[in-house]
Amino acid sequence: MLHRRVYQFLIIYLLGLVFLILIKYILNLSDYVIPGPVEIWETGRHVFSRYFSDVMNTLSIAIVGQIISVFLAIFIGVVGRQATWFGSFVKVAAYNFQAYPIVAIAPIVFILLGDGFISRLLIAAMICYFPLLLSVIGIMSEPVSDIEHFYKITGRMSWQLEVKIRAFENMSKLTTVIAGSATLAMAGTIVAEFIAANAGIGYSIRIALYQSNLAKILVALFAIGITLSVYQGLLELTGYLINKKWRV
């Protein structure tokens with residue numbers, strides 16, 4: 001799983017890089033517009049270690065934001081699973097809240113909280129949270145009729161048992177959703193850093209953009225992609241081991 005994630009990213013990245021270089025030579029563009037392979041390589045040698053450190057800083061924020069989002073989404077999903085008035089209210093509220101684009105709310109967060117750690121963490125958690133919540137609510141709201149019917153007939157059904165049954169039967173879906181949310185958490189953190197922050201790879205990309213230095217941006221994208229691929233691969237491997245253990 002881990003190696004598959006890495007080589008899939010490398011294939012996509014190299015194809016994109018080749019496409020850019022082909023455009024450069026076909027249209028005879030200058031190195032200022034699209035840098036040549038030598039300039040990209042030299043830029044990578046000089047800035048990769050610093051950018052990798054920035055990516056790890058961003059990833060640490062994304063992981064914490066993802067953990068917060070997962071626990072919050074599970075909590076709301078458990079509360080909103082029932083077909084009661086309160087459960088319906090929670091689900092409707094969750095669907096309506098996602099209508100607000102988080103990127104549009106981000107400047108308000110920075111105005112109120114500044115451009116430090118808390119703002120980056122909050123925006124990362126918010127961007128990761130809403131899609132995750134909808135998936136968890138959908139999973140937790142779907143009855144496992146065959147099993148739940150037995151416990152209801154025997155009078156042994158409780159809300160804790162209901163949650164355990166639905167989580168067990170949908171464990172593969174839950175682990176897939178959580179692994180997929182890593183991309184959202186990372187994207188949310190980078191967006192927060194790009195808008196207004198003083199650290200992280202998003203901040204470095206913003207500086208490179210102001211400098212019109214595409215080579216630095218390409219190196220940053222490589223560092224982001226390879227790190228995120230490894231992280232997602234580890235999450236998928238963990239999910240596979242959890243599913244295997246639960247099935248046994």
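Looking across the range 210-235, just one residue is closer than 19 Å to Ile11 by Cα and out of contact with any helix residue (DSSP H, G or I) (no Cβ under 7 Å at 6 or more places or on another chain), and that is Leu221. Just one of the numbered conditions (1) modelled with pLDDT of 65 or more; (2) assigned to a loop (DSSP other than H, G, I, E, B); (3) small (Gly, Ala, Ser) is not true of Ala93; which one? It fails just one condition, (2).
Out of curiosity, is Leu59 at pLDDT 85 or above, assigned to a helix (DSSP H, G or I), within 20 Å of Ala182 (Cβ to Cβ) and aliphatic (A, V, I, L, M)? Against the criterion (at pLDDT 85 or above, assigned to a helix (DSSP H, G or I), within 20 Å of Ala182 (Cβ to Cβ) and aliphatic (A, V, I, L, M)), Leu59 qualifies. Checking each residue in the range 186-224 for being among the small types (Gly, Ala, Ser) and crowded, with 18+ Cβ neighbours inside 10 Å picks out Gly188, Ala192, Ala196, Ala197, Gly200, Gly202, Ser204, Ala208, Ala215, Ala220, Ala223.
Scanning the range 125-141 for residues being in contact with a Leu (Cβ under 7 Å, 6 or more places away or on another chain) and farther than 10 Å from Ile76 by Cβ gives a total of 4. Scanning the range 17-32 for residues that are on the phi < 0 side of the Ramachandran plot and exposed (fewer than 12 other Cβ atoms within 10 Å of the Cβ) yields Val18, Phe19, Leu22, Tyr25, Ile26, Leu27, Ser30, Tyr32. Among the residues of the range 3-49, those that are basic (Lys, Arg) and touching a residue at least 12 places away in the same chain (Cβ under 8 Å) comprise Arg4, Arg5, Lys24.
The values are calculated or read from the model by the stated rules, or taken from the named source; none is laboratory data. Predicted model only: the values in this text are computed from it and were never measured. Please note: Cβ atoms are built from the backbone with ideal geometry, for glycine as well, and neighbour counts cover all protein chains shown.
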